[in-house]
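Worksheet: one structure, shown below.
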Amino acid sequence: MGKPDTISVTVCFAQADHQEVIPLNVAPETTVLQAIEQSGIVVRCPQARVHEGNVGIYGTPVRLDHRLQNHDRVEIYRPLDRSPSEARRELAKREK
């Protein structure tokens, strides 16, 4: 059997109030950056800033030149609004 003509991937960006999820069929050997560009997600979500260190596949950080595999979920991460320790302190105060 030969290689498939396309692979199926998803490009995602979570905002505070909703999530953009864009399914794509791309050529094998497509990179993370190429899939993001093909998805048009940066046009739809200008706050999705793409650079090394803020993209991953299923929660695992990857480089922009990482080659995708069938069924990969490319995630664009946004900066945290507050640190996790700060959020825990606020939650503890509210629970008292």
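The values are calculated or read from the model by the stated rules, or taken from the named source; none is laboratory data. Since we're looking at a predicted model, the values are computed, not measured. Neighbour counts are summed over all protein chains in view; Cβ atoms, including those assigned to glycine, are modelled from backbone coordinates with ideal geometry.
Can you tell me which residue is modelled with the highest pLDDT among those in the range 76-88 that are surrounded by 12 or more Cβ atoms within 10 Å (Cβ to Cβ) and farther than 17 Å from residue 26 by Cβ? Among those residues, the one meeting the criterion is 77. None of 68, 64, 91 is without any contact (Cβ under 8 Å) to a residue 12 or more places away in the chain and farther than 14 Å from residue 13 by Cα except 91. When 24, 91 are checked against the criterion of being out of contact with any Lys or Arg (no Cβ under 9 Å at 6 or more places or on another chain), aliphatic (A, V, I, L, M) and loosely packed, with under 11 Cβ neighbours inside 10 Å, a single residue qualifies: 91.
Out of the residues in the range 1-60 that are hydroxyl-bearing (Ser, Thr, Tyr) and either part of a strand (DSSP E or B) or in contact with a His (Cβ under 6 Å, 6 or more places away or on another chain) (or both), state the one that is farthest from residue 81 (Cα to Cα). Among those that are hydroxyl-bearing (Ser, Thr, Tyr) and either part of a strand (DSSP E or B) or in contact with a His (Cβ under 6 Å, 6 or more places away or on another chain) (or both), it is 8.
When the range 61-75 is filtered for residues that are surrounded by 15 or more Cβ atoms within 10 Å (Cβ to Cβ), part of a loop (DSSP other than H, G, I, E, B) and of a type outside the set (Val, Ile, Thr), the ones remaining, listed by number, are 64, 66, 68, 72. None of 38, 15, 34 is in contact (Cβ under 8 Å) with a residue 60 or more places away in the chain and closer than 18 Å to residue 73 by Cβ except 15. The residues of the range 1-21 that are farther than 19 Å from residue 67 by Cβ, surrounded by 13 or more Cβ atoms within 10 Å (Cβ to Cβ) and among the aliphatic types (A, V, I, L, M), listed by number, are 14, 21.
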